[in-house]
Amino acid sequence: MDTWHDCETWSPDRIRDHQLELLRAQLTRLHATSRHYRRRWDDLGWHPGDLRDLDDLAALPCTDKADYQRSIDEHPPYGDFLAVPREEVARLHFSSGTTGAPTPVAWTRQDLDRWADLYARAAYSQGVRRGDVYQCLFSFAWFVGGLGGTLGYTRLGATVIPGGSGDTERQIETIFRYGTTAVGGTPSFLLHLADRARGLGTPLANSTVRQVMVGGEPGGQVPATRALIEREWGARCYDGYGCLEFQPTAWECAAQAGGHLAEDFTYAEVVDPVTRAPVPDGEPGVLVLTHLDKQACPLVRWWTGDVVVRDRSRCDCGRTHARLVGGVRGRADDMLVVRGVNVFPSAVENVVRGTVGDLVEFRVVLDPALADPATGYPTALRVQVEGAENDDLRGRLAAALRAELAVRAVIDIVAPGELPRTTHKARRVVRAEEPEVHRVP
Ligand SMILES: [Zn+2]
């Protein structure tokens, strides 16, 4: 494979025709082979023959992680989503969720082949070619990225070194010794490697690496993080986005203008997190995905929980598949709506760090006193920041939040050390505690 696939430049009409044709076949197959979907659709009185247009898919409920987990719990260990006999399953990867037991996702041999092609297309679109040396720095054990990366770059014709995400010094030595030209990994591991390499007196900017594909964590499309990776590695950094269930979902091309959705592989909807109605392109909504031709355990209207902004304008690279501009903006569960404005904790974080300093501790408090009594939605944010009591800071931060995010904020300055610390993922949004009720004896 040394070129891109024809489908990447299809007209929007042709993409929709292709999606409808595959979707009809997929739903008909699932009705016959997936116990889960047959039961759900029969309960609704819905039949795949009811699908006349892509928009008709919205009549079906979304499938989410809780549905999937319940299926595994009730029908261990595979659940009832499986649409092929177990002997046809060629690969299992497991989600590393923070709640519940790891859940398996299955691939047939045909699915693995498809996955390799998609990943190869991603790498090709970023300028990787036959003859490149690819060092895979994603983890292989219990993580989907390692084998995904090696599959795709092997298909493309690169020389593949499956390094994994440990042995920092050996990875660095290998990069220089074998003239690695492309790597893939999580932003945090790649920055860790760069830091160590500098410490060893062999900065990675001096290596032959030209392409970096990041995934597994947000960061690839966070401008500051991307710039840092590009500077440290002396290479171009491309974001690859994929939830475990949809590998891969979207990837950036050389234009670095937001990941192209693999629209020949998945049908994507972007919906309002609350009403679940479709949102127009250019506005944030939750990405909902349907497998068009996956065989092992296809998912219909999978609620990714990731908030994205879709852009169908033509990309400089010539590909026509829609892009997710700005990458994953946040998780639907974390999105705050303040007087009709969508606000993510990460956006507040950017403003706070830019105004107060990189290392400051802060949190957003949802204060019922600042909520609209009719809707319950906040009308302003309460932001608690550690620092010295200072009216100027209070005013500057409120002004910056208003200017950059169009939200009103009430700023509380709290003493340094007062906000709770966590070693894992900081909890940036909390609800104000209910006022204590003092009982009169
Ligand atoms: Zn492009």
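Which of the residues belonging to the stretch 372-385 are farther than 14 Å from Val341 by Cα and hydrophobic (A, V, I, L, M, F, W, C)?
Ala374, Val383, Val385
Out of contact with any Pro (no Cβ under 9 Å at 6 or more places or on another chain) and either among the aromatic types (Phe, Trp, Tyr) or more than 17 Å from Tyr134 (Cα to Cα) (or both) - does that describe any residue in the stretch 207-215? Steps first, please.
Just the residues of the stretch 207-215 that are out of contact with any Pro (no Cβ under 9 Å at 6 or more places or on another chain), to begin with: 207-213.
Narrowing further to those that are either among the aromatic types (Phe, Trp, Tyr) or more than 17 Å from Tyr134 (Cα to Cα) (or both): none.
No, the conditions are met nowhere in the stretch 207-215.
Looking at the stretch 81-96, I want the residues that are in the same structural domain as Pro248 (by TED's automatic domain parsing) and have a partner that is of a type in the set (D, E, K, R) and in a loop (DSSP other than H, G, I, E, B) with Cβ atoms under 9 Å, at least 6 apart or on another chain. Which pairs are those?
From residues that are in the same structural domain as Pro248 (by TED's automatic domain parsing), the pairs are Ala83/Lys294; Ser95/Glu245.
Taking the criterion of being surrounded by fewer than 20 Cβ atoms within 10 Å (Cβ to Cβ) and either within 16 Å of the ligand (Cβ to nearest atom) or polar (S, T, N, Q) (or both), would at least one residue in the stretch 287-307 satisfy it?
Initial filter on the stretch 287-307 (surrounded by fewer than 20 Cβ atoms within 10 Å (Cβ to Cβ)): 293, 301, 305.
Filter once more, so that each one left must be either within 16 Å of the ligand (Cβ to nearest atom) or polar (S, T, N, Q) (or both): none.
Within the stretch 287-307 (the criterion being surrounded by fewer than 20 Cβ atoms within 10 Å (Cβ to Cβ) and either within 16 Å of the ligand (Cβ to nearest atom) or polar (S, T, N, Q) (or both)), the answer is no, since none of the residues qualifies.
Only one residue in Ala262, Ala224 is within 15 Å of the ligand (Cβ to nearest atom) and of a type in the set (A, V, I, L, M), so which one is that? Lay out the reasoning, then the answer.
On the way: Ala224 fails: within 15 Å of the ligand (Cβ to nearest atom).
None of the other options fit; the residue is Ala262.
Look through the stretch 233-246, keep the residues that are within 18 Å of Phe138 (Cβ to Cβ), at pLDDT 95 or above and away from the ligand (no atom under 16 Å from the Cβ), and return whichever of them is surrounded by the fewest Cβ atoms within 10 Å (Cβ to Cβ).
Checked the stretch 233-246; the qualifying residue surrounded by the fewest Cβ atoms within 10 Å (Cβ to Cβ) is Ala235.
Taking the condition at pLDDT 95 or above and basic (Lys, Arg), does Arg24 pass? Spell out how you get there, then give the answer.
Working: at pLDDT 95 or above: yes; basic (Lys, Arg): yes.
In short, yes.
In the set Arg402, Arg353, Arg394, Arg329, which member is without any contact (Cβ under 8 Å) to a residue 24 or more places away in the chain, more than 16 Å from the ligand (Cβ to nearest atom) and crowded, with 18+ Cβ neighbours inside 10 Å? Lay out the reasoning, then the answer.
Working: Arg402 fails: crowded, with 18+ Cβ neighbours inside 10 Å; Arg353 fails: crowded, with 18+ Cβ neighbours inside 10 Å; Arg329 fails: without any contact (Cβ under 8 Å) to a residue 24 or more places away in the chain.
Testing whether each residue is without any contact (Cβ under 8 Å) to a residue 24 or more places away in the chain, more than 16 Å from the ligand (Cβ to nearest atom) and crowded, with 18+ Cβ neighbours inside 10 Å leaves just Arg394.
Out of (1) away from the ligand (no atom under 12 Å from the Cβ); (2) closer than 16 Å to Val286 by Cα; (3) among the charged types (D, E, K, R), what's the single condition that is false for Arg339?
For Arg339, the failing item is (2).
State yes or no: is Arg314 within 16 Å of the ligand (Cβ to nearest atom) and under 18 Å from Phe265 (Cβ atoms)?
On the way: within 16 Å of the ligand (Cβ to nearest atom): yes; under 18 Å from Phe265 (Cβ atoms): no.
It is false that Arg314 is within 16 Å of the ligand (Cβ to nearest atom) and under 18 Å from Phe265 (Cβ atoms).
Being in the same structural domain as Leu287 (by TED's automatic domain parsing), in contact with a Pro (Cβ under 9 Å, 6 or more places away or on another chain) and at negative phi narrows it down to one residue among Glu252, Glu232; which is it? Before you say what the answer is, go through the steps one by one.
Working: Glu252 fails: in contact with a Pro (Cβ under 9 Å, 6 or more places away or on another chain).
It is Glu232.
Are any of the residues in the stretch 371-379 under 27 Å from the mean Cα position of the chain (by Cα), away from the ligand (no atom under 16 Å from the Cβ) and among the β-branched types (Val, Ile, Thr)? If you could, list the steps in order and put the result at the bottom.
Step one: filter the stretch 371-379 for residues under 27 Å from the mean Cα position of the chain (by Cα), giving 377-378.
Next, only the ones that are away from the ligand (no atom under 16 Å from the Cβ) stay: 377-378.
In the following step, the residues that additionally are among the β-branched types (Val, Ile, Thr) were identified as none.
The answer is no; no qualifying residue exists.
Could you tell me whether Tyr124 is within 16 Å of the ligand (Cβ to nearest atom), on the phi < 0 side of the Ramachandran plot and not hydrophobic (A, V, I, L, M, F, W, C)? I'd like the intermediate steps shown before the answer.
Details: within 16 Å of the ligand (Cβ to nearest atom): yes; on the phi < 0 side of the Ramachandran plot: yes; not hydrophobic (A, V, I, L, M, F, W, C): yes.
In short, yes.
Can you work out which of the residues in the stretch 165-198 that are in contact with a strand residue (DSSP E or B) (Cβ under 9 Å, 6 or more places away or on another chain) and small (Gly, Ala, Ser) is nearest to Ala141 (Cα to Cα)?
Ser165
Could you pull out the residue among Ala83, Ala66, Ala32 that is surrounded by 13 or more Cβ atoms within 10 Å (Cβ to Cβ) and not polar (S, T, N, Q)?
On the way: Ala66 fails: surrounded by 13 or more Cβ atoms within 10 Å (Cβ to Cβ); Ala32 fails: surrounded by 13 or more Cβ atoms within 10 Å (Cβ to Cβ).
Only one candidate qualifies: Ala83.
Can you list residue pairs whose Cβ atoms sit under 9 Å apart, with the first residue in the stretch 408-425 being within 21 Å of Val338 (Cα to Cα) and the second being modelled with pLDDT of 85 or more and among the acidic types (Asp, Glu)? Count only pairs 6 or more apart in sequence or on different chains.
From the stretch 408-425, the pairs are Val410/Asp367.
Test each condition in (1) charged (D, E, K, R); (2) free of Cβ contacts under 8 Å to residues at least 40 places away in the same chain; (3) surrounded by 24 or more Cβ atoms within 10 Å (Cβ to Cβ) for Glu230 and report the one that comes out false.
So the condition that Glu230 fails would be (3).
For every residue, the table says whether it meets (1) within 16 Å of the ligand (Cβ to nearest atom); (2) modelled with pLDDT of 95 or more; (3) of a type in the set (D, E, K, R); (4) not assigned by TED's automatic domain parsing to the domain that holds Gly146.
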{"site": "Glu217", "(1), (2), (3), (4)": "no, no, yes, no"}
{"site": "Gly220", "(1), (2), (3), (4)": "yes, no, no, no"}
{"site": "Pro248", "(1), (2), (3), (4)": "yes, no, no, no"}
{"site": "Ala257", "(1), (2), (3), (4)": "yes, yes, no, no"}
{"site": "Glu283", "(1), (2), (3), (4)": "no, no, yes, no"}
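The values are calculated or read from the model by the stated rules, or taken from the named source; none is laboratory data. In this text, all values refer to a predicted model and were calculated from it rather than measured experimentally. Note that we place each Cβ from the backbone using ideal geometry, even for glycine, and neighbour counts take in every protein chain shown.
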